[in-house]
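Single-structure report; data block below.
Nothing in this text is a laboratory measurement; each read-out follows from the coordinates by a stated rule. Fair warning: this is a prediction, and the values are worked out from it, not measured in the lab. Don't worry about glycine lacking a Cβ; one is built from the backbone with ideal geometry, like all the others, and counts go over all protein chains shown.
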Amino acid sequence: MSGNRKTLVPATARTDLQLIELFSSLQGEGLHIGRREIFLRLAGCNLGCAYCDTPYAAGDVWTVEREPGSGRFESYPNPASLERCLDILDDWCDRGSGLHSALNLTGGEPLLQGEALQTWVPELRQRLPIHLETNGSLPAALSPLLPFLSFLSIDLKLADTCEEPTPWDCHREFLRLACHKPGQVKLVVGPAQGEQELLKAVRLVADEAPGYPIILQPLTEKGRPSVSGEHLLRLQEIAAAIHPETLVIPQVHPLLNLA
Ligand code: SF4
């Protein structure tokens, strides 16, 4: 996987969003694996992780599954209006009552469009609980949204694996703000992940968000975890000595033939 260029989001009306896609699928990472969620992927990211294979660059259109889970998509022009998105969600919720456990805001980095999300999230929250997947680097954009969020999945970006400097101060501030809401911290670890940097991240979580479980997620390459079992056990051992609630959970999408 090659590194992505950092992509900021083009200016739009303050209440419209630059989107990538809206689709229904299984949660394939972390504590909520196996739950059916609606994923709203926002365009743009402020980081450039070496392993990133997420298509987050804003385009002229965003795509929506014709039927939830069908894998067949149709396109709408970017930026997207809240009204258009609510129409689709209301239709999906009417058709599949009880199927979806959450609306998942993902990216890219959703909080890059935090200003528009202040309009969107209270409305979305009336349809489904809102989960946020974030790289944990934009604390100022998080604060106004926190009352409406049901769960946060926060990635801390470790330089040994991401090949980018870790934004430690931003991560600390982010965890301080988030820690009163339910959530998890996810650490993607690759074969080059060193112990010292992992320990620094684990201490940060133990200090700022001790109620959050830590998920060690082995980097996936060619559909398989790229880290040896022995290395994962060692990383878990040193992390659990500081933060006992440390789990090793791989991505399961490849096992289920899901993208
Ligand atoms: S934060 Fe996420 S979307 Fe952004 S570059 Fe890293 S892996 Fe990709």
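See the values below:
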read-out	value
18 Å Cα-Cα reach of K222 towards aspartates and glutamates, excluding residues that sit fewer than 8 places from it in its own chain	E29, D53
Inter-centroid distance (Cα atoms) of the stretch 10-74 relative to the stretch 217-259, Å	23 Å
Acute angle (nearest 10 degrees) that the helix 195-208 long axis makes with the longest principal axis of the chain, alpha-carbon atoms	60 degrees
Surface/4 of the Cα convex hull for the chain, nm²	12.6 nm²
Helix-derived mean residue ellipticity, 222 nm - over the chain, DSSP H n ≥ 4, -39500 (n - 2.57), to 500	-8000 deg cm²/dmol
Full-extension gain in nm, L26 to R224, via 0.36 nm per residue minus C-alpha separation	69.5 nm
Neighbour-count ranking [beta-carbon atoms within 10 angstrom, fewest first] of K200, K181	K200, K181
Shape of the stretch 83-213, Cα gyration tensor, a/c cut at 1.5	prolate
Calculated FRET efficiency for the pair L146/S75, C-beta based, R₀ 22 Å, to 0.05	0.10
For L158, L177, order by how many other beta-carbon atoms lie within 10 Å, fewest first	L177, L158
Fewest-first sequence of R84, R72, R41 by Cβ atoms within 10 Å of each Cβ	R72, R84, R41
Cβ-Cβ FRET estimate between L255 and R14, R0 fixed at 45 Å, reported to 0.05	0.65
Rounded to whole Hz, the Karplus (6.51, -1.76, 1.60) HN-Hα couplings of the stretch 147-159, x for glycine and proline	x, 9, 9, 9, 7, 10, 10, 10, 7, 9, 9, 8, 4
Share antiparallel - DSSP beta bridges, the stretch 19-256, percent rounded to 5	35 percent
The stretch 110-116 - phi-based ³J(HN,Hα) in whole Hz, Karplus 6.51/-1.76/1.60, Gly and Pro as x	x, 6, 4, 10, x, 5, 5
